[in-house]
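Shown next, in structure tokens, is the structure this report addresses.
The values are calculated or read from the model by the stated rules, or taken from the named source; none is laboratory data. Note that this is a predicted model, so its numbers are computed, not measured. Protein only, heavy atoms only, side chains kept; ligands, DNA and RNA dropped before computing areas. Shrake-Rupley method; radii C 1.70, N 1.55, O 1.52, S 1.80 Å.
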Amino acid sequence: MNLRGWQNRRTARSDRWKRENDAPRLRDEVPQLEALRLNLEEFSGGHRVVGTSRIQHVVVAQASSRFEIPCGDSKCEDGGHDLTREALQQLRAGREAFNGSSVCSGRVGERPCERTLEYAFQAKYQR
Ligand SMILES: [Zn+2]
């Protein structure tokens with residue numbers, strides 16, 4: 001990666017951290033939420049990308065209400081997936097499981113990245 005790409009990536013990452021820190025806490029947005037798990041996997045050109053399948057356990061007591069997932073392609077610039085709107089809408093509605101996909105809008109060199117993130121949320125609520 002060239003120096004500019006590296007700096008862009010560093011800036012993008014700290015911008016994301018700042019947005020997450022500045023956002024309301026997940027607990028304040030969805031008070032009934034008790035546990036949350038995300039299954040994530042990336043696809044490129046219709047094929048799953050080896051090594052991108054992962055599970056994220058969200059620490060509900062501390063989590064930000066922003067759901068921004070960085071693109072898994074280390075050469076991608078300005079990419080990533082913002083699932084915040086979709087996730088908060090579903091969680092506020094009390095949905096226990098929902099899924100979807102998001103296409104990365106970043107660039108790899110001169111080309112669009114177009115990696116796709118498949119995500120599945122599983123949530124538990126206090127009754
Ligand atoms: Zn990307």
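Here are the numbers for the structure shown:
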| read-out | value |
| --- | --- |
| Candidate residues 69, 55: accessible-area rank, largest first, probe 1.4 Å | 55, 69 |
| Linear extension gain, residue 16 paired with residue 60, 0.36 nm per residue minus alpha-carbon span | 14.0 nm |
| Area of residue 57 that stays accessible when all protein chains are in place (1.4 Å probe, Å², to 10) | 140 Å² |
| Rg/Rg_ref, region 1-111, where Rg_ref = 2.2 N^0.38 Å and atoms are Cα | 1.16 |
| Accessible area (Å², 1.4 Å probe, nearest 10) - residue 11 | 70 Å² |
| Cα centroid separation - region 1-75 against region 84-127, whole Å | 10 Å |
| Between 0 and 90°, nearest 10: helix 3-22 axis offset from the chain longest Cα axis | 10 degrees |
| Mean separation of Cα contacts under 8 Å, 6 or more apart, over the residue count of region 3-125: relative contact order % | 30 percent |
